[in-house]
Amino acid sequence: MRPWQSRWDMVFHDRIEDSLDAQRAHAFDVAVVDITMPVMSGLELIRALGAIDAATLSIILTGATDIATAAAAINETNVFRFYTKPCAAEVLANGIEQALAEKLARAEQQSSTAGAAFSLATLNRLPTGVIVVDVEPKVVFTNKLGAEFLAKKDGLSIGPAGIVRTNQQKDTAELHRLVRLAVDAGDSGKPHALSVEREDSDRPLSVVVASLPAEDGGARVAVLLVSAPEVQPSPSVEMVARLFDLTDAEARLAVALSKGERLEDAAETLGITLSSARTYLKRVFSKTDVDRQAELVRLILAAPVLLDLGGGAQRR
């Protein structure tokens, strides 16, 4: 018997109605659900369990082809985590232990619920794909953008065994080597960078591989931070105006320049004369305390930006 088997009261159901009846009789702390099932999907079952008792946390087991759906479900349902199949018993057991600990923490202090929700919501607003992998490297977690990168299969994808791979064999070999380095180095490891070629774009994906602290009792993992030029949002005109105390016209010019437009082109886009654009730029320099256009662009691009989950993100 494995240690965790003596600590849990486990029940197994192969019929949907049996699991719902059991939930009504005595709500589960944690439910482990396959995303693909007869009668109703795993996500539908999780919603049904949540309708009976919203405190039940769920863990989804998913195939590689369903990973984007599973990642999106984290925001829509009370899903604590998802794992790709096949999932080692020790990995799943560790996830269940963490879910139970989270359930206890939520019961003891309501604020911890908000903290966990805020952490995940923040990850999903980042303009960077976050993909956590083990040493194989098999995906154990992604944020929303990370799941989208994998689902597109343009540069990065998931193989039949849940292993992250690239479009090119040489890139895959290098990615796997960097993951092993990160996992072996642990907390002391330094990040490594990799440029991953894509078939649908002349610009590659930028991937940074870094180590992550091992969770209590869990295996060491690494994180892949993935970015693509076309999905990097620009600061909005309103944000730039507020951050640097600019007028609307000045902020529009600053944002246009941060996107790489020449001053002449920006003036034409904004419908102003080149002379007016130069006047605005001098005012912007004064208010932002910079002397060169390159400094201004660097300052604007350093402004914090989040993705719009509603799909209205402003792209560079």
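Would you please name the residue that is modelled with the highest pLDDT, looking only at residues in the range 76-110 that are part of a loop (DSSP other than H, G, I, E, B) and under 19 Å from the mean Cα position of the chain (by Cα)?
Residues of the range 76-110 that are part of a loop (DSSP other than H, G, I, E, B), as a first pass: 77-78, 85-88, 109-110.
This time we only want the ones that are under 19 Å from the mean Cα position of the chain (by Cα), so: 77-78.
Numbers: T77: 61, N78: 71.
Among residues in the range 76-110 that are part of a loop (DSSP other than H, G, I, E, B) and under 19 Å from the mean Cα position of the chain (by Cα), the one modelled with the highest pLDDT is N78.
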Can S286 be described as open to solvent by less than 80 Å² (accessible area, probe 1.4 Å), over 30 Å from G146 (Cβ atoms), free of Cβ contacts under 8 Å to residues at least 12 places away in the same chain and out of contact with any Pro (no Cβ under 6 Å at 6 or more places or on another chain)? no
Hits in the range 211-238 (condition: at pLDDT below 90 and either in contact with a Cys (Cβ under 9 Å, 6 or more places away or on another chain) or acidic (D, E) (or both)): E215, D216, E230
For V164: the one exception among (1) touching a residue at least 12 places away in the same chain (Cβ under 8 Å); (2) among the hydrophobic types (A, V, I, L, M, F, W, C); (3) assigned to a helix (DSSP H, G or I): (3)
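For every residue, the table says whether it meets (1) of a type outside the set (V, I, T); (2) crowded, with 20+ Cβ neighbours inside 10 Å.
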residue	(1), (2)
V231	no, no
M239	yes, no
A254	yes, yes
A277	yes, yes
Determine which member of the set L212, L225 is over 20 Å from P304 (Cβ atoms), among the hydrophobic types (A, V, I, L, M, F, W, C), surrounded by 16 or more Cβ atoms within 10 Å (Cβ to Cβ) and touching a residue at least 60 places away in the same chain (Cβ under 8 Å). L212
From (1) open to solvent by less than 60 Å² (accessible area, probe 1.4 Å); (2) closer than 26 Å to A105 by Cα, pick out the condition that doesn't hold for K144. (1)
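The values are calculated or read from the model by the stated rules, or taken from the named source; none is laboratory data. Everything numeric in this text was worked out from a predicted model, so none of it was measured. Here the Cβ is made from the backbone with ideal geometry for all residues, glycine too, and neighbour counts use every protein chain on show. With ligands, DNA and RNA removed, areas are computed over all heavy atoms of the protein, side chains included. Shrake-Rupley method; radii C 1.70, N 1.55, O 1.52, S 1.80 Å.
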